[in-house]
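The structure appears right after this line, and notes come after that.
The values are calculated or read from the model by the stated rules, or taken from the named source; none is laboratory data. Small disclaimer: the values here were computed from a predicted structure and weren't measured. All Cβ positions, glycine included, derive from the backbone under ideal geometry; neighbour counts span all protein chains shown.
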Amino acid sequence: MENLMEKVVALCKRRGFVYPGSEIYGGLSNSWDYGPAGTLLKNNIKNLWWRRFVQMRDDIVGLDATVILNPKVWEASGHVANFVDPLIECETCHERVRADKLELKEEHEKKHKNDGKEAKWTEAKMFNLMFKTNIGSAEDTSYTAYLRPETAQAIFVDFKNIIDTTRVRVPFGVAQIGKAFRNEITPGNFIFRVREFEQMEIEFFIAPPKSEAEWQDAFELWRKAVLSWISDDLGLKSEKIHEFDVPDKDRAHYSKKTIDFMYEYPFGQEELYGLAYRTDFDLKNHQEMSGQNLQYRDPITGETYIPHVIEPSFGVDRSILAVLIDAYTEEENRVVLKLSPKVAPYKAAVFPLVANKPELLEKARAVYDCLKQDYMIAWDDRGNIGKRYLSQDELGTPFCITVDYASLEDGTVTVRDRDTMQQERIAIDKLASYIKNVL
Ligand code: ATP
């Protein structure tokens, strides 16, 4: 589909999914706010993730740590030394790009060539992506701290507290959802690469593997778990997902194996999620830097060791973008977001056939108030029904429920399906179970 990105960005604004950040002040480049529909979509994704990986499992517990940690954390983790991207600057216009993003470099050179100019680049410099901030009010005692560039580290920092205060036993995991910040050199592609984003991460601790096969088996279980999440909860088309085994030279400093789960975005195949075997790198370094004993003692065998870690890392914003792109559909007379009902902002919309008949209004309101107890439900009594359908189609609402004159007689309503546009009559007291069934 031509200009798919532009169309999705326009729909996001039009229907309240995503707005440009700070817009009334002329915006702030590459910052985006989630509007009413976008907030619902985002919360649904985070809740589904939490349900799948924490609520439904006995071996994963949750954590919600601070964004600003003791700066020593980032020394121990290697981020102060290694969380860098190579940066080059155009000598003509001083724009900076990531030296390893060849397509951005070429695009920039082409732009200058069209103006009859040459694009010469400076030597690559390493640029640390962590956002710095200052803690403390007095000049002489204030110190530099960082906004976390990943949620993972706090899980290692709290590891000892978690094993001391809960009944977890290796193998077990700790899950966390929260904001992360990276001063990206070349942010862009809407919410794909931003400087402030959300991650959903799990550190899954295993006993030090006695053979390659042992950690590979654990890794394989997680590879499958990530794929199940993508298909069963997000509902993404599986043919758009590709796995990329990251070669040695491109892996993060802590990783012995990484698989990137790539999605076919309109701007190319790019990383949606990552899965990494981080070995015992993090806990070992934190033990050394903090001087605290971070060993785990197996309560049955009495063995003590530093566990190894498999880490699946999920970007919330990249999930949202993939879900929107995947769902965007143009049909003859409408645009429709064919979202999986699980992630759809509203599970149904309720309409009175006309707004100026008090009996209809009252009945429709009663249906709305009842369904609202369990689901996010939209209400619309403006304009004609056709227009109301079209606006719900763009929001991805799976069902539109219309209360009409027959409803007053026989207690049934019309339910119109978003994808097939077929309508059927359903008894009002069956609506809740009807919605529950598709979820
Ligand atoms: P990339 O290679 O695209 O920069 P990365 O390999 O640095 O990504 P990770 O460090 O593995 O990313 O981060 C884990 C996840 O966090 C990514 O898979 C992605 O979903 C998300 N993520 C990372 N950086 C950003 C960003 N700048 N904006 C939005 N999401 C991000």
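Answer yes or no: is there a residue in segment 213-223 that is within 30 Å of Glu103 (Cα to Cα) and hydrophobic (A, V, I, L, M, F, W, C).
There is no residue in segment 213-223 that is within 30 Å of Glu103 (Cα to Cα) and hydrophobic (A, V, I, L, M, F, W, C).
Cβ-Cβ under 7 Å, sequence separation 6+ or interchain: first residue in segment 95-114 and under 21 Å from Phe127 (Cα atoms), partner of a type in the set (Gly, Ala, Ser) and surrounded by 11 or more Cβ atoms within 10 Å (Cβ to Cβ). Which pairs?
From segment 95-114, the pairs are Ala99/Ala124; His108/Ala119.
Select from segment 173-194 the residues that are in contact with a Pro (Cβ under 7 Å, 6 or more places away or on another chain) and of a type in the set (Lys, Arg) and list them in ascending order.
The answer is Arg182, Arg193.
Taking segment 342-375 as the region of interest, how many residues are assigned to a helix (DSSP H, G or I) and of a type in the set (Gly, Ala, Ser)? Lay out the reasoning, then the answer.
The first filter runs over segment 342-375 and keeps only residues assigned to a helix (DSSP H, G or I), leaving 358-372.
Filter once more, so that each one left must be of a type in the set (Gly, Ala, Ser): 364, 366.
Total meeting the criteria: 2.
What helices (runs of 4 or more DSSP H) completely inside segment 1-110 contain at least 1 residues that are charged (D, E, K, R), out of contact with any strand residue (DSSP E or B) (no Cβ under 9 Å at 6 or more places or on another chain) and not assigned by TED's automatic domain parsing to the domain that holds Gln292?
Filter on segment 1-110 gives 4-14, 72-76.
Of everything in segment 376-426, what is of a type outside the set (A, V, I, L, M, F, W, C), in contact (Cβ under 8 Å) with a residue 12 or more places away in the chain and over 21 Å from Ala327 (Cα atoms)? Give them in sequence order. Before you say what the answer is, go through the steps one by one.
Our first condition is that a residue be of a type outside the set (A, V, I, L, M, F, W, C); within segment 376-426, this holds for 380-384, 386-389, 391-394, 396-398, 402, 404-405, 407, 409-412, 414, 416-420, 422-425.
Right, trim to in contact (Cβ under 8 Å) with a residue 12 or more places away in the chain and you get 380-382, 388-389, 391-394, 396-398, 402, 404-405, 407, 411-412, 414, 416-419, 425.
Within segment 376-426, Asp380, Asp381, Arg382, Thr402, Asp404, Tyr405, Ser407, Gly411, Thr412, Thr414, Arg425 qualify.
Is it fair to say Val73 is under 23 Å from the mean Cα position of the chain (by Cα) and modelled with pLDDT of 95 or more? Walk me through it before giving the result.
Numbers: under 23 Å from the mean Cα position of the chain (by Cα): no; modelled with pLDDT of 95 or more: yes.
No: the conditions fail for Val73.
Mind listing just one residue for me: the one in segment 178-210 that is within 12 Å of the ligand (Cβ to nearest atom) and of a type in the set (Phe, Trp, Tyr) and, of those, nearest to Ile60 (Cα to Cα)?
Only one residue tops the list, namely Phe197.
Can you name every one of the strands (runs of 3 or more DSSP E) wholly within segment 394-439 that holds 2 or more residues which are in contact with a Ser or Thr (Cβ under 6 Å, 6 or more places away or on another chain)? Walk me through it before giving the result.
On the way: elements: 399-403, 412-417, 423-427.
In segment 394-439, the matching strands (runs of 3 or more DSSP E) lie at 412-417, 423-427.
Among (1) surrounded by fewer than 19 Cβ atoms within 10 Å (Cβ to Cβ); (2) free of Cβ contacts under 8 Å to residues at least 40 places away in the same chain, where does Lys72 come up short?
Against the list (1) surrounded by fewer than 19 Cβ atoms within 10 Å (Cβ to Cβ); (2) free of Cβ contacts under 8 Å to residues at least 40 places away in the same chain, Lys72 comes up short only on (2).
Taking Val174 and the conditions (1) of a type in the set (A, V, I, L, M, F, W, C); (2) surrounded by fewer than 20 Cβ atoms within 10 Å (Cβ to Cβ); (3) not in a loop (DSSP other than H, G, I, E, B), which numbered condition does it fall short on, given that it satisfies the others?
The failed condition is (2).
Considering each of Ala152, Ala138, Ala213, Ala175 in turn, give the residue that is more than 13 Å from the ligand (Cβ to nearest atom) and in contact (Cβ under 8 Å) with a residue 40 or more places away in the chain.
Details: Ala152 fails: more than 13 Å from the ligand (Cβ to nearest atom); Ala138 fails: in contact (Cβ under 8 Å) with a residue 40 or more places away in the chain; Ala213 fails: in contact (Cβ under 8 Å) with a residue 40 or more places away in the chain.
From the options Ala152, Ala138, Ala213, Ala175, the qualifying one is Ala175.
Among (1) under 28 Å from Trp215 (Cβ atoms); (2) away from the ligand (no atom under 16 Å from the Cβ), where does Asp115 come up short?
Unmet condition: (1).
Count, please, the residues in segment 268-289 that happen to be under 16 Å from Ala154 (Cβ atoms) and assigned to a strand (DSSP E or B).
Total meeting the criteria: 1.
Could you run through segment 304-334 and say how many residues are of a type in the set (D, E, K, R), farther than 26 Å from Leu275 by Cβ and either in a helix (DSSP H, G or I) or touching a residue at least 12 places away in the same chain (Cβ under 8 Å) (or both)?
Total satisfying the criteria: 2.
Would it be correct to say that Phe219 is over 21 Å from Ala322 (Cα atoms), part of a strand (DSSP E or B) and in contact (Cβ under 8 Å) with a residue 60 or more places away in the chain? I'd like the intermediate steps shown before the answer.
Details: over 21 Å from Ala322 (Cα atoms): yes; part of a strand (DSSP E or B): no; in contact (Cβ under 8 Å) with a residue 60 or more places away in the chain: yes.
Taking the combined requirement at face value, the residue does not satisfy it.
Does Val309 count as closer than 21 Å to Arg52 by Cα and either more than 11 Å from the ligand (Cβ to nearest atom) or polar (S, T, N, Q) (or both)?
Judged against the criteria, Val309 is a match.
Looking at segment 182-213 only, could you name the residues that are modelled with pLDDT of 95 or more, more than 19 Å from the chain's Cα centre (by Cα) and in a loop (DSSP other than H, G, I, E, B)?
Matches in segment 182-213: Ala207, Pro208, Pro209, Lys210, Ser211.
For residues that are in a strand (DSSP E or B) and of a type outside the set (A, V, I, L, M, F, W, C), scanning just segment 133-164, find the one that is surrounded by the most Cβ atoms within 10 Å (Cβ to Cβ). Step through it out loud before you land on a result.
Going residue by residue through segment 133-164, those that are in a strand (DSSP E or B) are 133-135, 143-147.
From what is left, the residues that are of a type outside the set (A, V, I, L, M, F, W, C) are 133-134, 143-144, 146.
Numbers: Thr133: 12, Asn134: 10, Tyr143: 8, Thr144: 9, Tyr146: 21.
This residue is Tyr146.
Please work out which residue is farthest from Arg52 (Cα to Cα), limiting yourself to segment 199-210 and to residues that are surrounded by 21 or more Cβ atoms within 10 Å (Cβ to Cβ) and out of contact with any Ser or Thr (no Cβ under 7 Å at 6 or more places or on another chain).
First pass over segment 199-210, keeping only residues surrounded by 21 or more Cβ atoms within 10 Å (Cβ to Cβ): 199-205.
From what is left, the residues that are out of contact with any Ser or Thr (no Cβ under 7 Å at 6 or more places or on another chain) are 200, 202-205.
On the way: Met200: 12, Ile202: 12, Glu203: 15, Phe204: 15, Phe205: 18 Å.
It comes out as Phe205.
Would you mind finding the one in Ile377, Ile385, Ile401 that is farther than 21 Å from Ser340 by Cβ and either polar (S, T, N, Q) or surrounded by 13 or more Cβ atoms within 10 Å (Cβ to Cβ) (or both)?
When all the criteria are applied, what remains is Ile385.
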